[in-house]
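Step one of this worksheet: look at the structure below.
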2 protein chains.
Amino acid sequence: MKVIDGNIASPLGFSADGLYAGFKKKKLDFGWIVSEVPASAAGVYTTNKVIAAPLIVTRESVKKSGKLQAVVVNSGVANSCTGLQGMEDAYEMQRLTAQKLKIEPDLVGLASTGVIGELLPMDALKNGLSQIVISGKADDFARAILTTDTCTKTCVVTERFGKDLVTMAGVAKGSGMIHPNMATMLAFITCDANISSQTLQKALGQNVETTFNQITVDGDTSTNDMVLVLANGYTQNEEILPDTEEFERFAQMLHYVMEDLAKKIAKDGEGASKLIEVNVLHAQDSLSARMIAKSVVGSSLVKTAIFGEDPNWGRIIAVIGYAGAELSVANIDIFIGQLPVMLASSPVAFDAEEMQEMMGQDEVTITIDLHDGDATGQAWGCDLSYDYVKINALYRT
Amino acid sequence: MKVIDGNIASPLGFSADGLYAGFKKKKLDFGWIVSEVPASAAGVYTTNKVIAAPLIVTRESVKKSGKLQAVVVNSGVANSCTGLQGMEDAYEMQRLTAQKLKIEPDLVGLASTGVIGELLPMDALKNGLSQIVISGKADDFARAILTTDTCTKTCVVTERFGKDLVTMAGVAKGSGMIHPNMATMLAFITCDANISSQTLQKALGQNVETTFNQITVDGDTSTNDMVLVLANGYTQNEEILPDTEEFERFAQMLHYVMEDLAKKIAKDGEGASKLIEVNVLHAQDSLSARMIAKSVVGSSLVKTAIFGEDPNWGRIIAVIGYAGAELSVANIDIFIGQLPVMLASSPVAFDAEEMQEMMGQDEVTITIDLHDGDATGQAWGCDLSYDYVKINALYRT
């Protein structure tokens with residue numbers, strides 16, 4: 001597998017565009033991804049009981065035929081908690097996009113992100129659709145889906161399958177409301193491999209738990225989270241079937257792209273100055289390991305300590321104890337970077353200068369060895385800074 | 001029931017003192033409560049799997065005879081995650097206090113709060129014990145147990161039981177690490193009623209879920225949380241027995257004191273500028289109602305919005321959806337103060353000026369009517385401010 005420069009339209013047969021349509025005050029706020037032919041589609045959606053209209057419509061369409069040919073996205077307004085009018089607006093968004101592309105409405109996926117409870121401004125939508133083009137600026141798609149993100153998040157990889165070179169590209173947006181089961185998190189992944197939607201869904205499902213579901217910014221789960229994967233079969237490779245060596249390699253590609261995007265989202269969490277990675281080793285089972293990793297990375301007290309570059313490991317052990325996981329607390333080692341701060345559940349003296357250097361980095365790794373089993377788990381998050389408060393106290397006004 | 005001015009030594013037969021012993025740099029950090037006779041004792045302890053040494057010792061002692069005659073507390077150092085040495089130090093703290101009071105060690109309860117992972121400075125302890133007196137300044141006890149709290153938290157009530165006037169007093173400390181099942185939260189309640197330790201434990205147990213367990217500051221649960229109640233029978237009232245009218249009135253007293261202290265802890269959360277109260281109405285069951293109330297009051301996005309005085313109710317509905325409670329999301333009303341912002345799950349226009357006034361108050365109430373059953377639940381918390389970040393980024397240094 002090779003990581004290459006590129007964008008969401010790097011896989012064969014895909015194009016994308018992004019532009020300003022009027023959902024926001026100024027920045028790019030509207031984009032689409034279009035495949036030349038209907039593509040196998042797989043999706044994962046928010047676990048929030050309140051689900052935004054565009055997700056309901058998209059999930060329904062993907063369910064029908066397992067295919068999508070286009071995904072249209074707006075940022076600025078989430079079209080969530082907007083009642084019947086919101087549902088009608090989402091269907092209209094799907095219809096108008098299909099009309100423009102001269103395809104069936106059910107082949108159009110939808111995503112919206114932004115403020116909850118405001119109706120979709122349909123004029124902005126029509127304005128956007130009147131200007132958007134096939135073979136537009138694909139890089140602008142990654143910009144058009146952002147909200148409080150400070151940078152675009154893209155990952156492109158290639159992998160040989162026999163004589164065919166398969167390309168997979170992903171873009172994502174994140175920033176706030178990032179937690180349990182995805183969050184104001186949108187990710188779109190395109191691929192030119194030949195794979196059925198069922199097999200694609202399998203590959204997506206088995207990798208989401210260890211990637212997008214293991215990031216947290218503030219513990220809030222959004223009503224609009226979605227990951228969509230489209231594979232249009234343009235490389236004409238032999239179909240990738242489940243339980244084959246090819247499937248494993250395809251799943252690894254997908255895992256790489258998803259983990260890379262997940263870490264980029266965590267690192268660009270609202271107001272974040274550092275990426276925090278937590279590795280849990282020798283846990284009783286994977287779920288316990290992931291629960292502990294995610295609880296540590298989600299603790300406001302751990303996050304503020306890391307913002308302050310303070311090795312306050314007492315807060316880490318406190319989180320391990322309340323994470324709700326099965327564990328023995330008798331023999332725990334904790335490392336910040338390479339430095340042990342607790343061994344066999346007792347404090348360890350460390351060199352203050354070395355620690356300062358470790359905590360001054362852009363990325364801080366916390367390793368927790370439970371000596372309690374064979375399972376491992378990882379999670380990613382960011383520190384909690386003054387800017388997080390600033391951004392969220394003033395988001396609407 | 002009457003609320004009166006007073007302190008932890010207001011009930012008959014109790015005295016208390018607080019002073020500076022050297023656990024902290026400057027502020028009062030050591031105190032005790034002493035009863036003239038052994039008192040019925042009841043306790044609730046942290047649910048964290050990592051439990052600090054003083055809690056282990058206290059729980060063990062309370063279990064033995066159901067009695068305590070004194071409680072000794074230090075702030076500054078939590079004596080948590082301190083291994084075998086920490087346990088030995090806690091037993092020594094109990095022994096030395098008992099020696100000073102000429103009572104059995106098992107009649108001494110212990111509490112420590114502060115930094116995790118540091119050994120108890122035994123010199124400070126000995127220094128404190130050499131100076132502390134019976135019939136000292138009882139008001140200073142409430143000050144001596146504080147950490148990052150900005151004010152003392154006290155509540156005193158009286159109630160007639162036949163010809164006898166029973167007095168109950170509570171003091172608490174809170175501030176950060178306040179969440180699920182109590183948190184860096186200590187509360188001590190004294191009472192001169194005649195009640196057995198079993199009946200006292202029953203009254204405590206049935207009220208903790210709806211009071212101390214329904215507050216959150218940052219979602220972190222400490223290793224040192226504890227609520228201790230002592231009733232020394234000094235009023236010589238007829239013994240309060242379970243399932244009697246007297247028990248109900250006693251439980252109401254206790255509930256009043258606990259709820260009052262819980263709200264004072266929430267309001268004085270680290271960096272807080274406002275108390276947030278969430279009322280959930282017409283839920284399917286009490287647990288669901290409490291889960292939703294506590295999730296809303298614990299959401300970083302809701303907390304920052306309230307700090308910014310921004311009526312961003314979309315975040316509230318998002319939390320309701322991910323709280324993990326059983327509910328129908330079809331017909332939800334949300335009020336901020338008296339103003340409806342969502343009715344029947346659809347947005348409602350509100351007067352911006354009225355809303356501004358509502359959100360400018362010291363206490364903001366959010367009411368959520370689920371129209372989905374008969375149960376209610378409440379929770380209390382505080383806004384998330386720049387100062388929370390400041391306090392916790394620099395706690396140790």
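Mind listing whichever residues of the stretch B:33-61 are away from chain A (no Cβ under 14 Å) and within 19 Å of the chain's Cα centre (by Cα)? Passing the criteria: B:ILE33, B:ALA41, B:ALA42, B:GLY43, B:VAL44, B:PRO54, B:THR58, B:ARG59.
Every listed requirement among (1) among the hydroxyl-bearing types (Ser, Thr, Tyr); (2) without any contact (Cβ under 8 Å) to a residue 60 or more places away in the chain; (3) facing chain B (nearest Cβ under 9 Å) is met by A:SER295 save one, (3).
Let's see how each residue does on (1) touching a Phe, Trp or Tyr at 6+ places or on another chain (Cβ under 9 Å); (2) open to solvent by less than 10 Å² (accessible area, probe 1.4 Å):
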| residue | (1), (2) |
| --- | --- |
| B:GLN201 | no, no |
| B:ILE215 | yes, yes |
| B:GLN236 | no, no |
| B:PHE250 | yes, yes |
| B:MET253 | no, yes |
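Just one of the numbered conditions (1) among the polar types (S, T, N, Q); (2) surrounded by 19 or more Cβ atoms within 10 Å (Cβ to Cβ); (3) part of a loop (DSSP other than H, G, I, E, B) is not true of B:THR47: (2). Screening B:SER61, B:SER10, B:SER80 for residues that are of a type in the set (Ser, Thr, Tyr), touching a Ser or Thr at 6+ places or on another chain (Cβ under 8 Å) and more than 20 Å from B:GLY174 (Cα to Cα) leaves exactly one candidate, B:SER10. Cβ separations smaller than 6 Å between residues 6+ apart or across chains give the following pairs from the stretch B:309-337 residues that are closer than 17 Å to A:VAL115 by Cβ to residues that are charged (D, E, K, R) and part of a loop (DSSP other than H, G, I, E, B): B:ASP310/A:ARG396; B:ASN312/A:ARG396; B:GLY321/A:LYS49. Looking across the stretch B:1-29, the residues that are of a type in the set (A, V, I, L, M, F, W, C) and touching a Phe, Trp or Tyr at 6+ places or on another chain (Cβ under 9 Å) come down to B:MET1, B:VAL3, B:ILE8, B:ALA9, B:LEU12, B:PHE14, B:ALA16, B:LEU19, B:ALA21, B:PHE23, B:LEU28. Checking each residue in the stretch A:92-133 for being surrounded by 17 or more Cβ atoms within 10 Å (Cβ to Cβ) and of a type in the set (Ser, Thr, Tyr) picks out A:THR97, A:SER112, A:THR113. In the list B:SER346, B:SER286, B:SER300, which residue meets the criterion of being within 12 Å of chain A (Cβ to nearest Cβ) and open to solvent by 30 Å² or more (accessible area, probe 1.4 Å)? Going through B:SER346, B:SER286, B:SER300 in turn, the sole match is B:SER346. Screening B:GLY314, B:GLY308, B:GLY321 for residues that are among the small types (Gly, Ala, Ser), facing another protein chain (nearest Cβ under 7 Å) and more than 30 Å from B:LYS390 (Cβ to Cβ) leaves exactly one candidate, B:GLY321. Taking every residue in the stretch B:233-248 that is assigned by the TED database to the domain that holds B:ALA203 and pairing it with any residue that is in a loop (DSSP other than H, G, I, E, B) and exposed (fewer than 13 other Cβ atoms within 10 Å of the Cβ), at least 6 positions away or on another chain, the pairs with Cβ-Cβ distances below 7 Å are B:ASN237/B:GLY162; B:GLU238/B:GLY162; B:PHE247/B:LEU241. Tell me, yes or no, whether the stretch B:353-376 has at least one residue that is open to solvent by 20 Å² or more (accessible area, probe 1.4 Å) and facing chain A (nearest Cβ under 8 Å). Within the stretch B:353-376 (the criterion being open to solvent by 20 Å² or more (accessible area, probe 1.4 Å) and facing chain A (nearest Cβ under 8 Å)), the answer is no, since none of the residues qualifies.
Among the criteria (1) over 25 Å from the mean Cα position of the chain (by Cα); (2) more than 9 Å from every other protein chain (Cβ to nearest Cβ), the one B:LYS274 does not fulfil is (1).
Assess whether B:VAL3 counts as being surrounded by 24 or more Cβ atoms within 10 Å (Cβ to Cβ) and either of a type in the set (Ser, Thr, Tyr) or at pLDDT 95 or above (or both). No, not satisfied. Taking the criterion of being at positive phi and either modelled with pLDDT of 85 or more or assigned to a strand (DSSP E or B) (or both), the residues of the stretch A:207-252 that qualify are A:GLY233, A:GLN236, A:ASP243.
Taking each residue of the stretch B:45-56 that is farther than 16 Å from B:ASN74 by Cβ and in the same structural domain as B:GLN201 (by the TED database) and looking for partners that are assigned to a helix (DSSP H, G or I) and at pLDDT 90 or above with beta-carbon atoms closer than 6 Å, six or more apart or interchain, yields B:TYR45/B:LEU55; B:TYR45/B:ARG59. Residues in the stretch A:188-210 that are in contact with a strand residue (DSSP E or B) (Cβ under 6 Å, 6 or more places away or on another chain) and charged (D, E, K, R): A:ASP192 only.
In the stretch A:65-86, of all residues being at pLDDT 95 or above and over 18 Å from A:ALA21 (Cβ atoms), the one that is surrounded by the fewest Cβ atoms within 10 Å (Cβ to Cβ) corresponds to A:GLY66. In the stretch B:76-95, the condition of being in contact with a Lys or Arg (Cβ under 8 Å, 6 or more places away or on another chain) and at negative phi is met by no residue.
The values are calculated or read from the model by the stated rules, or taken from the named source; none is laboratory data. Keep in mind the model is a prediction, meaning the values are calculated, not measured. Neighbour counts are summed over all protein chains in view; Cβ atoms, including those assigned to glycine, are modelled from backbone coordinates with ideal geometry. Surface accessibility is based on the protein's heavy atoms, side chains included, excluding ligands, DNA and RNA. Shrake-Rupley method; radii C 1.70, N 1.55, O 1.52, S 1.80 Å.
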